[in-house]
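This is the structure I want to talk about, given as structure tokens.
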Amino acid sequence: MRLLKELSVFFKGFTDVTFRGGRVFYVWMSILTLFILAGILAYIHQLRHGMIITHMRDQVSWGFYVSNFTFLVGIAAAAVLLIIPAYLYSFKPIKRIVIYGELLAISAVITALLFIFVDFGRPERFWHAIPFIGTANFPYSILTWDMLVLNSYLFLNLLIVLYVGCNTYFGREPDKHILMPLIIISIPLAVAVHTVTAFVYNGLSARPFWNASILAPRFLASAFCSGPSLLIIIFQVLKRFTGFRIEDRAMEKLAEIAAYAMAINIFLMLAELYKEYYSKTIHLTSLRYLYEGLGSYKRFVLPMRVSLLLNILGLLFFLIPETRKKAPALIAGAVSMFIGIWIEKGMGLVVPGFIPSPLGEVYEYSPSVYEILIALGVFSSGAMLYTLSLRAAISLETGKLRHPFAPPPVIEKEGLTAGDIMTKEVIAVLPETSVDEIAGLLIKHRISGIPVVDNERRVLGIVSESDIIYREIHRDPEILERLGGIVLPAYRQTIKKGLTAGEIMTSPPVTARVDTTLRELVELIVDKRIKRVIIIDSSEKLCGIVSRIDIVKAIERLHS
Amino acid sequence: MLTRRELLKNSVTLLGSLSLGACLKQDIFKEKFRELSEEEKRRFLKRLEERYEKRYGIKFSVRDTPPQKGVVFGYALDLSRCIGCRRCVYACVMENNQSRDIPIQWIRVLRIKKGHFAPSDFESAEHYYNPEKVPEDGYIYIPVQCQQCENPPCVKVCPTKATWKEPDGIVVIDYEWCIGCRCCMAACPYWARRFNWKEPYIPEKEINPDTHYYGNRPRMRGVVEKCTFCIQRTRNGRYPACVEACPVGARKFGNLLDPESEVRYILDNFSIFRLKAELNTEPKFFYFFSLGR
């Protein structure tokens, strides 16, 4: 009975936070519902009349559904991308958003599986493919492998998200010894998910366009573009329409990863183009269909050129640090990359595999209205799933959805940020300032550290009490300086002359943006064992400092 | 407490759902034909026959004649004799109950300019040639159908083991077990497989009621089908329909294991070749030129 009661309390809280929202939320949900209904109607039509209502035929026997399936598996692999920097290199800002990446992976896998399902000619027999229940063709059929890997990936991500979610609900920290192994396993599994999907096509000797070993690497590279791009778009939307806070640094990191991945993707594509165009075998025909057209058959030429352009645009937006940091450019880059890859790795991959047919026939395919409606419905159900799970996750994180007896999340409740609690009048020095002068300043103002800035107040480093003390003990020049002394005799001079701030400062210093939350500041100070965090604005300029006493004061303020 | 009336009502509902479950088991959760006992197979074939008789109004036979021991079927096609008349295509459609309105044809005859033919490249092939008279000067014709590979790529990729190679070398499909994912169609290098994009339509007058479970029995929409060397005929000692229909005797068929067979004679006495040999599919469908043409 107690369990039932607990469950009903949970479900009440859950439905309250997930299904109730503002106007934007209701409008969004209504649009999705409408699309889903239209999709269901179109699918019923397909069930009744057969797949003749699609534009697929014997010549091009996979089309829009399978294209979107392939694309979505790439999106699902995106979670791994967030996990690697977050856990292996403990990049904090990304660690916070890992759970949102995993939720996206879950929604994407489910949506991908739905696309496979609507592509079946006899959907009611899908169970024939399930091991033990049906007669799965293991280990020969790669589709069997793909279903196994996709479902394991889905299960594992669900497990992680549920485990973290339950713990947060009860106000506990998840046990690292349970969580970490799960997360570590999910990394190779994410790679496997996408590789095996590539192998479904790759292993078919009948289709030279897919039968190239570069296919799996290209799949991975392009997944690492589309996944982060979608996350950037989602986070920007959340930032605009909800109180969701996300650090700019995390977003920049995602863009940076996507940029490198896109560079690799374009390189691999050029390698493929070179091989086909230089050797000019009969296998060139599929590529020629894509980029030049075959006589009057040129339905793919324009979309493929647009895709190439969008990919290059996205690469430029993400590669240049200045554009990466500005929200409009960031969104533009993400959108162009997302659409670029959607064309390239959806239709641009699946359809030309069938053109020309093994007997040399060209059938030009583009999806029918029903196919588009069904695909829209499937995408919308994925989007709805993600929206709802995202709302639940955010509510769990902010403490809106919490067990009645669980300790409340203390720090973040008030939403204090670095900007609210920092000391704004900061004394800073230039790199040329002598150590003696700095020591004087420290004593005079009763502070323990001083930021070192350039002429435009950009932070270069920090000199703390311990830097000065350390220098007193280790009078000997460091190895690099010794080397300098050997190579350049004049170098010795500078060491003797008395040290400057630039020489003894800790660089780069630990900094945080103005919008960093109190919780993140605490984590930073505990993790790095430092006494203060330099606060910078979006152009990296010094605007304040948060010391341990500032945090103590803030907590005191929260509790009273 | 339950009253007697409620109890009665509940048990009726329970019985109802049980019988619905039984129906579902029969129609949706049926077992794979191959794994049924002989007795169950007989019953299932009987049910199929009744269903077809009801639909087409004529007596049907659906057999499951097993492969004969010591027999592996092989096919040889003399390209120097083929005149591109497509009689084999139409005979096949009639024999094997292929859909007529959205036409399904298991045999595709290609027309290629003389001097352009290569067994691995069909990009210059014409599929829809339509002259007044065949043969035409300057062209050769290449009929292509399922090559009954020894290493069939289509079998490998099937996620449900709904298609396999029988001991007599014929690659068959269990239409009841195919989920319609079309992996096999993507995998076939000879474009030999066809999909029922809609419910197939065959005029009642043209139906062939003499059928095999893995062969020419009427199919349903959403499943894949292909040439089976006329399994319903050849397993009973007859020639495939296409062999019989060929007006110039270009098509030869027989037991590859029998040194006296016609097919073996051709293999031993002509230089034969197979389509896309580099893919290592090892077709049991051989092409040759017996004359200069």
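Just to check I understand the Karplus step: with θ = phi - 60° and J = 6.51 cos²θ - 1.76 cosθ + 1.60, what whole-Hz values come out for the stretch A:134-139, glycine and proline as x?
Ordered by residue, 3J(HN,Hα) equals x, 10, 5, 8, 9, x Hz.
May I ask you to list the trypsin sites (Lys or Arg not before Pro) in the stretch B:117-180 that are in a DSSP loop and have at most 10 other Cβ atoms within 10 Å of their Cβ? Numbers along the way, then the final one.
Values: sites: B:K133, B:K156, B:K161, B:K165; in loops: B:K133, B:K161.
Passing sites in the stretch B:117-180 are B:K133.
Here is a further query. Which order do the peptides B:57-63, A:184-190 come out in when sorted by mean C-beta neighbours inside 10 angstrom, highest first?
Details: B:57-63: 15.3, A:184-190: 17.7.
With the highest mean Cβ count within 10 Å placed first, the list reads A:184-190, B:57-63.
Let me ask something else about it. Work out, in µm²/s and without decimals, the Stokes-Einstein translational diffusion coefficient of the stretch B:80-192 at 10 °C, 1.306 mPa s, Rh from Kirkwood over C-alpha pairs. Walk me through the intermediate numbers first.
Numbers: Rh = 15.9 Å.
In µm²/s, the coefficient rounds to 100.
Also, I was wondering about something else. Going highest first, how would you order B:170-178, A:320-328, B:81-89 by mean Cβ packing within 10 Å? Walk me through the numbers before you get to the answer.
Numbers: B:170-178: 22.3, A:320-328: 13.4, B:81-89: 19.3.
Highest to lowest by the protection proxy: B:170-178, B:81-89, A:320-328.
Within a 10 angstrom radius of each residue's Cβ in B:149-160, how many Cβ atoms of other chains show up on average? Whole number is fine.
5
While we're here: Given labels modelled 7 Å from the Cα in the Cβ direction, how far is it in nm from A:K400 to B:N130?
Reported label-point gap for A:K400 and B:N130 is 6.4 nm.
In the stretch A:319-402, how does Rg compare with the Kirkwood Rh, expressed as the Rg/Rh ratio over alpha carbon atoms? Mind dumping the intermediate values first?
On the way: Rg = 19.7 Å, Rh = 16.9 Å.
Over the Cα atoms of the stretch A:319-402, Rg/Rh equals 1.17.
May I pose another question? Report Rg(Cα)/(2.2 N^0.38 Å) for the stretch B:128-268, keeping two decimals. Could you put the intermediate results ahead of the total?
Working: Rg = 16.7 Å, N = 141, 2.2 N^0.38 = 14.4 Å.
This ratio for the stretch B:128-268 stands at 1.16.
A further question on this structure: Compute the semi-axes of the equivalent ellipsoid of the stretch A:214-341, taking the square root of 5 times each eigenvalue of the Cα gyration tensor, and list them largest first in whole Å.
Numbers: eigenvalues 213, 43, 24 Å².
Those come to 33, 15, 11 Å.
Next question. Listing A:H445, A:H283, B:H116 from the residue with the fewest other Cβ atoms within 10 Å to the one with the most, what is the order? Mind showing how you got there, number by number?
Details: A:H445 10, A:H283 16, B:H116 13.
Ranking A:H445, A:H283, B:H116 by Cβ neighbours within 10 Å, fewest first, gives A:H445, B:H116, A:H283.
Shifting gears a bit: Can you divide the C-alpha Rg of chain B by 2.2 N^0.38 Å and report the result to two decimal places?
Numbers: Rg = 22.6 Å, N = 293, 2.2 N^0.38 = 19.0 Å.
That ratio works out to 1.19.
Based on the Cβ-Cβ distance of A:L7 and A:T242, what FRET efficiency does E = 1/(1 + (r/R0)^6) give at R0 = 35 Å, to the nearest 0.05?
On the way: r = 27 Å, r/R0 = 0.78.
Step by step, r from the Cβ atoms, then E = 0.80.
Strictly over 21 Å apart at the Cα level, which of B:K59/B:K205; A:K176/A:K400; A:K239/A:K424 would you flag in this model? Present the calculation step by step, with values, prior to reporting the outcome.
Working: B:K59/B:K205 12 Å; A:K176/A:K400 24 Å; A:K239/A:K424 26 Å.
Violating the 21 Å limit, Cα to Cα: A:K176/A:K400; A:K239/A:K424.
Same structure, new question: At 7 Å along Cα-to-Cβ for each site, give me the label-to-label distance between B:E244 and B:L36 in nm.
Placing both labels 7 Å along Cα→Cβ, they lie 2.7 nm apart.
In debye to the nearest 20, how big a dipole does chain B give about its Cα centre with +1 on each Lys and Arg Cβ and -1 on each Asp and Glu Cβ? Don't skip to the answer; put the middle values down first.
Values: 49 positive and 37 negative charges, 172 e Å.
Magnitude of the dipole: close to 820 debye.
While we're looking at this one, here's another question. Using alpha carbons only, how many degrees (0 to 90, rounded to 10) separate the axis of helix A:215-241 from the longest principal axis of chain A?
Helix A:215-241 and the main axis of chain A meet at about 60 degrees.
Right, another one. Once phi is turned into θ = phi - 60°, what whole-Hz ³J(HN,Hα) does the Karplus curve with 6.51, -1.76 and 1.60 give for every residue of the stretch B:60-73, x standing for Gly and Pro?
Whole-Hz 3J(HN,Hα) from phi for the stretch B:60-73: 10, 10, 10, 9, 10, 3, x, x, 8, 5, x, 10, 10, 6.
For the stretch A:69-206, what is the Kirkwood estimate of the hydrodynamic radius, computed as the reciprocal of the mean inverse distance between distinct Cα atoms, to one decimal in Å? Provide the component values of the computation, followed by the final result.
Values: mean 1/r = 0.0623 Å⁻¹.
Mean inverse Cα-Cα distance, inverted, gives 16.0 Å.
Could you tell me which helices of chain B pass both thresholds, a Cα extent of 30 Å or more along their own axis and a mean Kyte-Doolittle hydropathy of at least -0.5, with helices taken as whole DSSP H runs? Could you put the intermediate results ahead of the total?
On the way: long enough: B:4-27 (34 Å, 0.02).
Sorted by number, the helices that extend far enough and score high enough are B:4-27.
Any chance you could give the angle, 0 to 90 degrees and rounded to 10, that helix A:92-119 forms with the longest Cα principal axis of chain A?
Once rounded, one gets 0 degrees.
Going through the stretch B:188-293, which GluC sites (Glu not before Pro) have at most 14 other Cβ atoms within 10 Å and a DSSP loop state? Mind showing how you got there, number by number?
Values: sites: B:E204, B:E206, B:E225, B:E244, B:E260, B:E262, B:E278; in loops: B:E260.
Filter output for the stretch B:188-293: B:E260.
Angle between the Cα long axis of helix A:548-559 and the longest principal axis of chain A, 0 to 90 degrees, nearest 10?
Between helix and principal axis, roughly 70 degrees.
Shielding of B:172-181 by partners, i.e. mean partner chain Cβ atoms within 10 Å per residue? Working shown, then result.
Working: counts 0, 0, 2, 1, 3, 5, 5, 12, 9, 13.
The shielding value for this peptide is 5.
Taking neighbour Cβ counts within 10 Å as the exposure measure, how do A:R172, B:R34 sort from fewest upward?
Values: A:R172 12, B:R34 16.
By the 10 Å Cβ count, ascending, the order reads A:R172, B:R34.
Next question, about the same structure. Which lysines does A:K253 reach when only Cα atoms under 16 Å apart count, and residues fewer than 8 places away in its own chain are ignored?
Cα-Cα hits under 16 Å: A:K92, A:K95, A:K325, A:K326.
Largest first, please: the extent of the C-alpha atoms of chain A along each principal axis, to the nearest Å.
Over chain A, Cα extents along the principal axes are 86, 72, 42 Å.
All of the numbers you see were taken from the coordinates with simple rules; none came from a lab. What you are looking at is a predicted structure, and each value in this text was computed from that prediction instead of being measured. Here Cβ is always computed from backbone atoms with ideal geometry, including for glycine, and neighbour counts include all displayed protein chains.
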